Amino acid sequence: MKYFSITFIYISTMLFATTRIFTLCEGNFGTPNANLWSINESDWQSEGPIYWDENSNPLGDVGQSMTIVNDEKLYIIMNNSHSIEILNLMGSDQTFSGSIHLPSAGPRYMVANESGSTGYISCWNLSGIIVIDLLSDTITDTISVGGMPEMMVMHDGKIYTSIAMNSDWSTSDRVISVDVSTKAVIDSFIVVPGPAALLLKDESLFIASTYYDANWNTYAGNTKIDLSSGDIITYDAGITSDFGPDLLEINNQVYRIYNGGIAPLDDDLSLNPSEQIGSFPGIYSAISNGNNLYFGLTDYVAPDDLIVTDLSGLQLAQFNVGALPGSFGFYSYNVESVSHKPTLDSFRLMPNYPNPFNPTTHIQFSVGIQSIVSLQIFNINGVLIETLFDHATYSNGTHSIQWNASHRPSGVYFTVLNINGHTQIQKMGLVK
């Protein structure tokens, strides 16, 4: 029996990985000027706005957040346009996949289950979490949570979400858990009021809070919930404007945006300014990835800046982007190394269409010169289930073959194209 893992081992000798950093710029409320940018981490080249143009093809009003699922699709949550915009990710390229419309829902954030088959969208205006089938990009259910859910994390079959405000727009002091299988709220934790950002570290859930009094004074605090015991530690910093919204984990230590940079949390959840990293005016967002830190800066008018530093705060790069860079996505993909460059002028395995499909789909590929080609189908476990052709000769041009999966169960499959000893892969979803 042939397994997919053998193919991956072979590919790894031909390719090296690079990372693209997607930056979603929120834009100004009431104006459809949200936009998306991309930065190539290998050479620090930026591109943007990607696909959507404010004047001719606007992304929409308030780009709230984005989530990359299975290194395959980028889901962009448009809060004030009440939609999700989807990009197919294909190495250095991307194509628009479609939109999911959520009329008047006020969507905020998204998480997906481990397999990437189901997504969950927190929605303020519904006081609930929308459930989406990600194979068909259709809404299947809504989970009522009795308040305005904000950020979410998944752990041990549960969704943990901060309830930013109660349904009457008063300040909330709750984080709740939802059982994914029953779609019911099963627990509630009292935290510092105004919970928003969540960070899961081992069995501990860290929560960053910001709230206001009747005179609009700003308060901030942190909470830590031990998910194994249910024990809760809180720290209320009182009136302060030094605390930012985001939490990060760096070298097994939790940090929060603080006073123009990021500072680590001590055991009592207070911040330690003596170990602060970075000092930037107008810091709006921050995230870590590998050995780099990314800081979104804003004066609320485009263009704004994205700063990249190392973990010590040494600046590596700076980019002009759109207004209010607030959300980041990291997409790693393989690029051919020069030493293993194929002898073909060009070859490409294209995304199948339709995808998802039932029960037939078309698989297209192109070759630059006459080539020896094999095309095989593997299941999610990496087992070869079907060979469409093996060591066949194909001439220069684009070719198409239909796969009929009527005898196969619903699920994820992989198309594996081998041309003159070089391999490309595409993912497919069969939905019956």
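The values are calculated or read from the model by the stated rules, or taken from the named source; none is laboratory data. Because the structure is a prediction, the values reported are computed rather than measured. Cβ coordinates were reconstructed from backbone atoms using ideal geometry, including for glycine residues, and neighbour counts include every protein chain displayed.
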- prompt: How many residues are farther than 14 Å from C123 by Cα, of a type in the set (S, T, Y) and in a loop (DSSP other than H, G, I, E, B) when one looks only at the range 162-185?
  reply: 3
message: Give me the strands (runs of 3 or more DSSP E) completely within the range 350-432, filtered to those with at least 2 residues that are at negative phi and of a type in the set (A, V, I, L, M), ordered by residue number.
response: 360-367, 371-379, 384-394, 411-419, 422-430
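Condition first: in a strand (DSSP E or B) and at positive phi. Now tell me which residues in the range 234-263 satisfy that.
G238
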message: Being over 30 Å from F29 (Cα atoms), in a loop (DSSP other than H, G, I, E, B), touching a residue at least 40 places away in the same chain (Cβ under 8 Å) and of a type in the set (A, V, I, L, M, F, W, C) is the filter here; which residues of the range 305-323 pass it?
response: L311
message: So W216 passes all but one of these: (1) of a type outside the set (S, T, N, Q); (2) surrounded by fewer than 20 Cβ atoms within 10 Å (Cβ to Cβ); (3) modelled with pLDDT of 95 or more. Which condition number does it fail?
response: (3)
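Can you find, within the range 145-172, the residue that is farthest from L227 (Cα to Cα) among those that are over 22 Å from the mean Cα position of the chain (by Cα) and touching a residue at least 24 places away in the same chain (Cβ under 8 Å)?
Once the filter is applied, the top-ranked residue is S167.
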Failed criterion for D202 (all others in (1) surrounded by 19 or more Cβ atoms within 10 Å (Cβ to Cβ); (2) at positive phi; (3) acidic (D, E) hold): (1)
- prompt: With respect to D202, is the statement that it is free of Cβ contacts under 8 Å to residues at least 24 places away in the same chain and either touching a strand residue (DSSP E or B) at 6+ places or on another chain (Cβ under 8 Å) or not hydrophobic (A, V, I, L, M, F, W, C) (or both) true?
  reply: yes
- request: Output yes when any residue across the range 358-370 is of a type outside the set (F, W, Y), surrounded by 14 or more Cβ atoms within 10 Å (Cβ to Cβ), at pLDDT 90 or above and within 24 Å of the chain's Cα centre (by Cα), and no when none is.
  value: no
query: Do we have F295 as surrounded by 17 or more Cβ atoms within 10 Å (Cβ to Cβ), within 20 Å of A196 (Cα to Cα), without any contact (Cβ under 8 Å) to a residue 60 or more places away in the chain and not assigned by TED's automatic domain parsing to the domain that holds T423 here?
result: yes
